[in-house]
1. Taking the range 23-70, which residues are modelled with pLDDT under 95 and basic (Lys, Arg)?
2. Give me the pairs, please: first residue somewhere in the range 1-19 and among the hydroxyl-bearing types (Ser, Thr, Tyr), second residue anywhere and surrounded by 12 or more Cβ atoms within 10 Å (Cβ to Cβ) and outside any helix (DSSP H, G or I), beta-carbon distance under 7 Å, and either six or more positions apart or on two chains.
3. Taking Ala12 as the residue in question, decide whether it is of a type in the set (A, V, I, L, M, F, W, C) and surrounded by 14 or more Cβ atoms within 10 Å (Cβ to Cβ).
4. Can you tell me which residues in the range 24-70 are of a type in the set (Gly, Ala, Ser), out of contact with any Lys or Arg (no Cβ under 7 Å at 6 or more places or on another chain), part of a helix (DSSP H, G or I) and surrounded by 11 or more Cβ atoms within 10 Å (Cβ to Cβ)?
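The values are calculated or read from the model by the stated rules, or taken from the named source; none is laboratory data. Predicted, not measured: the structure shown is a model, and the values here were computed from it. Positions of Cβ are generated from backbone atoms using ideal geometry, with glycine treated the same way; all protein chains shown enter the neighbour counts.
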Amino acid sequence: MSFQAYIDNTQAKTGKSADDFRAMAAAKGFADAEGLTVKAGEIVAWLKAEFELGHGHAMAIVALLKGKTD
């Protein structure tokens with residue numbers, strides 16, 4: 001599955017866009033314009049607990065927060 005497919009599937013499941021995840025992560029202090037401010041595992045745990053994402057989809061959001069675009 002491509003990176004974009006993970007992002008698209010995550011949006012379909014949660015109703016949240018990539019920009020929404022960026023804003024939520026920034027509001028929680030997990031990421032800023034420079035990238036992550038916490039370890040990836042903390043973000044993965046949040047995404048699994050709050051959005052019931054699987055590990056692969058959560059890691060795609062982590063990659064997105066790190067600046068991956070494709």
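1. Lys66, Lys68
2. Thr10/Leu53
3. no
4. Matches in the range 24-70: Ala25, Ala26, Ala40, Ala45, Gly56, Ala60, Ala63.
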